[in-house]
Amino acid sequence: MLFKHFKDREDAAEKLAKQLLDYRNKSPVVLAIPRGGVVVAYEVAKELNAPLDLIIPRKIGAPSDPELAIGAVTEDGTTIINQQLVTILGVSTEYVELEKKRQIQEIKRRVSLYRGDAVPQSLEGKTVIIVDDGIATGFTMKAAIHSVRKQKPSSIVVAVPVGPPDTVEEMKKEVDKVICLITHEPFFAIGQFYSDFGQVSDEKVIQLMKLSRKISA
């Protein structure tokens, strides 16, 4: 049986934050990928005394299998497509565009729900730390990175508790620094590294975002 490296997301966050202490005095902005990533990012932002905001990429699923990612998209329309997989599956351009629009609508709904009337953080000239509770294929993270880069930060850091070695190495080509506590093969799912990897509710995300604003106010 595989050893569970983390008790839960809070435990992973505590361990991850310790590896990010060098950024405490560099006025970073922490961006969370909901929903699970918000739990981790909240603790990181609190430890670094940094503002917390959201970046919400969404998977573009295959027509026959919505869980199979053929790409990912962010709120501003930044899109990453696995062209090889699209070709193999014979996915039409029309399907990709329709699914992309559908996912952007869902992103906008979540942004409104989670952020409320709070003003988005400015990322220009900032060190931006993108946090999730783990990465698998890296498609949604790549979409997030490309979207953030458009806002001209001074540097981008990806910080996650766990990910497969090949994805982590690929991510290093995309950003200034990757901090990943555990890389492991075989890698089946992020949840295999947590004793408790329960679903995070919308209410929990909203609560943590509000708490974070009070702390950094």
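No value in this document is a laboratory result; all are computed from the given coordinates. Here the structure is a predicted model, which means the values were calculated and not measured. Cβ placement follows ideal geometry from the backbone for every residue including glycine, while neighbour counts extend to all protein chains displayed.
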- Item | Gain in span if fully extended, residue 122 to residue 179, counting 0.36 nm per residue against the direct Cα distance | 18.2 nm
- Quick one: longest stretch of the chain between exposed loop trypsin sites (Lys or Arg not before Pro), exposed meaning at most 16 other C-beta atoms within 10 Å and loop per DSSP? 27-149
- Amide H of residue 179: which non-local residues (sequence gap of 5 or more, or other chain) have their own amide H closer than 5 Å, using H built in the peptide plane? 158, 159, 160
- Message: Using 0.36 nm times the number of residues separating residue 213 and residue 154, minus their current alpha carbon distance, what extension gain do you get?
- Response: 18.9 nm
- Net charge (Lys, Arg +1; Asp, Glu -1) of residues whose beta-carbon lies under 14 Å from that of residue 108, residue 108 excluded, is +4
- Please work out whether the range 56-173 counts as rounded, prolate or oblate from its C-alpha gyration tensor, where a ≥ b ≥ c are the square roots of the eigenvalues and a/c under 1.5 means rounded, while otherwise a/b larger than b/c means prolate and anything else oblate? oblate
- Query: Which FRET efficiency, nearest 0.05, do residue 113 and residue 26 yield, Cβ-Cβ r, R0 45 Å?
  - Reply: 0.90
- Item | For the chain, calculated [θ]222 nm from helices alone, where every DSSP H run of n ≥ 4 adds -39500 (n - 2.57) | -12500 deg cm²/dmol
- Message: Just to be sure I follow: if Rg is taken over the C-alpha atoms of the chain and Rh is the Kirkwood radius over the same atoms, what is Rg/Rh?
- Response: 0.95
- If R0 is 22 Å, what FRET efficiency do you get for residue 92 and residue 188 from their C-beta distance, rounded to 0.05? 0.10
- 24 Å Cα cut-off, lysine pairs counted over the range 110-217 (separation 8 or more, or different chains): 20
- Where q = 0.10, 0.18, 0.20, 0.25 Å⁻¹, what log10 of I(q)/I(0) comes from the Debye formula for the range 119-217, counting one point per Cα? -0.32, -0.98, -1.11, -1.28
- Query: For the residues 47, 124, what sequence is obtained by ranking on other C-beta atoms within 10 Å, fewest first?
  - Reply: 124, 47
- Message: So the label point goes 7 Å from the Cα of residue 102 along Cα→C-beta, right? Which residues of the range 38-72 then have their backbone N under 19 Å from it?
- Response: 57-72
- Message: For the range 59-112, take every pair of Cα atoms, bin their distances at 10 Å starting from 0, and report each bin as a whole percent.
- Response: 26, 56, 16, 2
